[in-house]
1. Six or more apart or on different chains, Cβ under 8 Å: which pairs go from a residue in the range 91-113 that's closer than 18 Å to Glu55 by Cβ to one that's of a type in the set (Phe, Trp, Tyr)? Could you list them?
2. Within the range 251-258, can one find any residue that is under 25 Å from Lys301 (Cα atoms) and open to solvent by 10 Å² or more (accessible area, probe 1.4 Å)?
3. Which of the residues that make up the range 46-63 are open to solvent by less than 20 Å² (accessible area, probe 1.4 Å) and acidic (Asp, Glu)?
4. Against the condition surrounded by fewer than 19 Cβ atoms within 10 Å (Cβ to Cβ) and either among the small types (Gly, Ala, Ser) or modelled with pLDDT of 95 or more (or both), how does Gly351 come out, does it pass?
5. When both residues are 6+ apart or on different chains and their Cβ atoms are under 6 Å apart, which pairs have a first residue that lies in the range 338-353 and is over 16 Å from Val154 (Cα atoms), and a second that is among the polar types (S, T, N, Q) and surrounded by fewer than 18 Cβ atoms within 10 Å (Cβ to Cβ)?
6. Residues of the range 291-319 being part of a loop (DSSP other than H, G, I, E, B) and in contact (Cβ under 8 Å) with a residue 60 or more places away in the chain, which ones?
7. Let me confirm something: among Pro277, Pro218, which residue is more than 19 Å from Tyr66 (Cα to Cα) and outside any helix (DSSP H, G or I)?
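The values are calculated or read from the model by the stated rules, or taken from the named source; none is laboratory data. Being a predicted model, the structure only gives us computed values, none of them experimental. Ideal geometry is used to build each Cβ from the backbone, glycine not excepted, and the neighbour counts take in all protein chains shown. Areas reflect the complete protein model, heavy atoms only, side chains present, ligands, DNA and RNA absent. Shrake-Rupley method; radii C 1.70, N 1.55, O 1.52, S 1.80 Å.
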Amino acid sequence: MENLFRLVDQDQHFFQRKWTLVNGPVIVGAGPSGLATAACLREQGVPFVVLERAECIASLWQKRTYDRLKLHLPKHFCQLPKLPFPEEFPEYPTKRQFIEYLESYAKHFDINPKFNECVQSARYDETSGFWRVKTVVSSGSSKTEFEYICRWLVVATGENAECVVPDIQGLAEFGGEVIHACDYKSGEKFKGQKVLVVGCGNSGMEVSLDLCNHNASPSIVVRSSVHVLPREIFGKSTFELAMVLLKWLPLRLVDKLMLILAWLVLGNIEMYGLKRPSMGPLELKNTKGKTPVLDIGALEKIRSGDINVVPGIKRFSRGQVELVNGEKLDIDSVVLATGYRSNVPSWLQEGEFFSKNGFPKAPFPHGWKGSAGLYAVGFTRRGLSGASSDAMRIAQDIGKVWKDETKRQKKRTMACHRRCISQF
């Protein structure tokens with residue numbers, strides 16, 4: 001408390017801003033990572049505050065995903081700690097089912113985020129030993145500044161906080177509709193159009209497939225090499241099979257086995273313009289964070305010619321794109337499936353734990369804990385299972401300190417009570 005008074009004294013404008021002292025950690029982000037951490041803290045008996053810039057939980061899933069989206073991995077790899085998916089859910093839950101699960105998860109653990117609170121900055125005050133988290137609260141047309149003072153700060157804004165829009169020559173002069181994949185919902189509005197999909201990750205492949213299913217004519221830009229694996233191999237989840245093999249075999253050998261199995265199921269994909277990287281899919285994921293494409297039907301459309309694979313873009317012009325091989329295509333619309341990035345550097349004033357790309361500097365599994373009560377969840381590049389692992393570690397770490405301090409406080413209270421009684 002003495003440190004808190006020192007904090008107040010050093011800022012003469014402190015009481016001109018609304019503020020509160022949080023008795024526990026502040027969690028920034030109410031996506032799956034933030035919810036998982038909050039649930040685990042609840043189990044530890046630690047109070048917390050969750051801040052969310054949107055007006056709902058899991059805003060990425062609710063607002064920036066296409067309608068046909070399903071979980072790419074079996075549900076038992078995607079469930080959050082302490083509460084499994086309903087048994088009646090399919091092996092690969094839909095977007096709507098996953099959102100329902102997250103909403104029931106928040107309700108089950110009594111997680112009530114403070115919505116429409118956008119964190120502007122967060123910094124550690126060494127004088128007081130507290131984190132100072134400044135937000136702007138939006139309510140209609142009015143905005144209010146707020147500040148949270150806390151001992152622990154959990155960064156749960158994730159790997160995909162902001163969409164990446166590349167600077168491509170001539171795109172501003174193209175004239176047709178240009179959207180990022182985060183704004184793509186369905187191919188229905190593109191029926192009969194020639195659509196260029198820029199990016200060949202899971203989103204790019206699925207958007208191209210969806211466009212085909214709505215009678216559009218998509219061309220997908222494959223600028224570099226890409227691993228395409230079947231979602232299932234002989235009825236077994238490819239990811240699950242890889243996890244089983246990794247228990248017994250080294251990673252590089254598992255990569256070789258997976259590529260052999262993929263070749264047996266999919267055939268030679270290089271003949272369709274999909275060149276494989278020299279590094280195996282698991283090693284590439286672990287070292288570069290690049291996720292392999294799990295095919296759910298796009299490859300069949302590529303084989304049939306319904307999806308046209310093209311090389312990199314040189315420039316756009318009015319209603320047209322010129323490719324690096326000199327070919328020119330007439331197109332009506334463009335979908336940028338160019339990915340997302342972390343936004344942590346824009347608001348967290350700290351340079352030891354996080355790097356400039358918004359990810360923890362320490363590699364997995366050591367990137368969940370920094371110094372001075374700073375934590376990160378959901379930056380493992382290992383999906384929901386990685387976020388769940390982080391969340392449990394963070395809650396246990398904070399919970400241990402919390403319980404030890406609570407015991408000491410109880411002992412001091414009891415000792416004081418006994419002294420008071422002895423005086424009578």
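1. Hits for this filter: Ile99/Trp61; Leu102/Trp61; Ile111/Tyr105.
2. No, every residue in the range 251-258 fails to be under 25 Å from Lys301 (Cα atoms) and open to solvent by 10 Å² or more (accessible area, probe 1.4 Å).
3. Here is the first cut: in the range 46-63, the residues open to solvent by less than 20 Å² (accessible area, probe 1.4 Å) are 46, 50-52, 54, 57-58.
If the condition is that a residue be open to solvent by less than 20 Å² (accessible area, probe 1.4 Å) and acidic (Asp, Glu), then Glu52 is the only one that fits.
4. yes
5. Listed pairs, sorted by first residue: Tyr340/Asn160.
6. Result: Thr291, Pro292, Ile296, Gly297, Asp306, Ile307, Pro311, Gly312, Arg318, Gly319.
7. Pro277
Let's see how each residue does on (1) modelled with pLDDT under 95; (2) open to solvent by 20 Å² or more (accessible area, probe 1.4 Å); (3) within 14 Å of Val334 (Cα to Cα); (4) of a type in the set (D, E, K, R):
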{"residue": "Ser186", "(1), (2), (3), (4)": "no, yes, yes, no"}
{"residue": "Phe190", "(1), (2), (3), (4)": "no, no, yes, no"}
{"residue": "Leu196", "(1), (2), (3), (4)": "no, no, yes, no"}
{"residue": "Ser208", "(1), (2), (3), (4)": "no, no, yes, no"}
{"residue": "His214", "(1), (2), (3), (4)": "no, yes, no, no"}
{"residue": "Pro218", "(1), (2), (3), (4)": "no, no, yes, no"}
{"residue": "Ser224", "(1), (2), (3), (4)": "yes, yes, no, no"}
{"residue": "Ile233", "(1), (2), (3), (4)": "yes, no, no, no"}
